[in-house]
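The values are calculated or read from the model by the stated rules, or taken from the named source; none is laboratory data. Just so it is clear, the structure is predicted and the values come from calculations on it, not from any experiment. In this analysis, Cβ positions are derived from the backbone assuming ideal geometry, glycine residues included, and neighbour counts consider all displayed protein chains. In case anyone asks, the SASA skips ligands and DNA or RNA and just uses the protein heavy atoms, side chains included. Shrake-Rupley method; radii C 1.70, N 1.55, O 1.52, S 1.80 Å.
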Amino acid sequence: MEIVIGRRRRDRDIVTWTLPKGTPDPGETTEETALREVREETGLDVRITAPFDSIHYTFVQGGTRIHKTVHYFLMEPTGGDLGRHDHEFDDVRWIGLHDATGILTFPTERALVDKAIPALEPAARSGTRRWSAVCLIPACRNPACRTRARDFAGPPDAAHRAA
């Protein structure tokens, strides 16, 4: 079984391997956003087979603490080509599902993939070998979610690992 992931350069010395994600356009449903983001960021056309899970996290950007919710779906590729991915990822590739925990940068995404393995194994036995677990990150619209960086205890994200 395989999933698709992408590599982003966050800074001169920081590279992250993540699942595709993005922000909804006005009027889009969660599902429409997920399909569009996968197409843009990976070059793949996919269909949603099931909603999966959500995670929540916080980071600091421009001195503001931001709370995000990420909604994941299980998806199956129906066409496309990884070579058509947009500029948001430097590289996009298929990896073995069981290899993801050693490659994905963020612990929340690694845990999510571990949780997805039992859900995907029955389909793999029936012949489906490739999956796209995709997420979207709508910005929190609640002003109470935002605080100054000086109020945030600890680094914005200690989970970055160079790859």
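What is the percent carbon and sulfur in the accessible area of segment 1-121, measuring with a 1.4 Å probe over the protein chains and ignoring ligands?
Summing carbon and sulfur atoms, their accessible area is 47 percent of the total for segment 1-121.
Taking a ≥ b ≥ c as the square roots of the eigenvalues of the Cα gyration tensor of segment 11-89, is the shape rounded (a/c under 1.5), prolate (a/b larger than b/c) or oblate?
oblate
Which value, in Å², gives the accessible area per residue of segment 64-106 when a 1.4 Å probe is used on the protein heavy atoms?
45
Where in segment 67-96 is the amide nitrogen less than 11 Å from a point lying 7 Å along the Cα-to-Cβ axis of residue 50?
It comes to 74-75, nothing else.
Looking at segment 1-41, which trypsin sites (Lys or Arg not before Pro) are DSSP coil and have at most 12 other C-beta atoms within 10 Å of their C-beta?
Answer by residue number: 12.
Pop a pseudo-label 7 angstrom from the Cα along the beta-carbon direction at both residue 93 and residue 29 and give the gap in nm to one decimal.
Computed distance between label sites residue 93 and residue 29 equals 3.6 nm.
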